[in-house]
Amino acid sequence: MAQPSRLMANPCAAFEEDLVLMHYGDLSGTELNSLQAHVPSCSGCSAYLEELGKLLPLTVKTDEPSQDFWTHYNRELRAKLDAAGAKRSWGEKISELLQVRWVPVFATAAVIALALTFTIGKGIWPSKDNSPEDEAFMEMLPVAENLDFFKSMDVLDDLDLLEFLGNQSNNNA
């Protein structure tokens with residue numbers, strides 16, 4: 001840990017604390033009398049007491065801001081207070097939107113939105129009425145999905161015909 005900085009004068013170690021108390025006027029009685037008798041004869045203690053008189057008042061000196069600082073501070077504080085007072089609640093904001101002057105704006109926006117939905121949406125969403133071509137295609141769709149099945153049925157029909165013809169030729173011979 002760093003040592004506290006000391007003053008340049010070196011007082012007697014026995015009187016150092018008493019010199020500080022004497023400077024502040026907190027020393028009385030026999031201690032004060034013995035210190036007053038010692039200081040004029042000791043150059044270290046008298047120099048130390050002189051340095052205390054110069055240094056210690058500087059430690060309690062206050063730093064008063066200038067008038068310019070207070071002026072700027074006052075303006076800034078008022079601006080912040082005005083901004084805080086100007087904030088509205090969400091209820092006030094909604095009630096402002098529902099005022100009579102906004103009704104035509106919202107009505108126009110709703111009409112435009114509906115018009116765009118019905119005109120653009122007509123091409124996007126399919127109609128529920130099917131054309132005759134679509135109905136014919138829908139009837140043929142299950143047949144097309146099972147085309148392999150129906151082809152194998154045709155082969156079986158041809159196989160039955162060949163077996164029948166083969167049986168008749170065997171019976172005639």
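Read the figures in this text as sums done on the coordinates, not as results from a lab. Worth saying up front: this structure is predicted, and the values here are computed from it rather than measured. Note that each Cβ is placed from the backbone with ideal geometry, even for glycine, and that neighbours are counted across all protein chains shown.
For this structure, a couple of remarks:
- The chain: Cys lacking any partner C-beta under 4.7 angstrom: CYS12
- Under-5 Å amide H pairs with CYS12, H placed in peptide plane, nonlocal only: CYS45
- Cut-off of 10 Å, at most 11 other beta carbons, DSSP loop: longest stretch of the chain lacking such trypsin sites (Lys or Arg not before Pro): 7-60
- The calculated 222 nm mean residue ellipticity attributable to helices in the chain amounts to -24000 deg cm²/dmol, summing -39500 (n - 2.57) over DSSP H runs of n ≥ 4 and dividing by all residues.
- Taking 0.890 mPa s as the viscosity and 25 °C as the temperature, the Stokes-Einstein diffusion coefficient of the chain based on its alpha-carbon Kirkwood radius rounds to 81 µm²/s.
- Kyte-Doolittle mean at least -1.0 and Cα axial length at least 18 Å: DSSP H helices in the chain: 43-59, 67-86, 103-124, 132-145, 147-172
- Positive-end residue, the chain charge dipole about Cα centroid, Cβ charges, pick of SER95, THR71, ALA84: THR71
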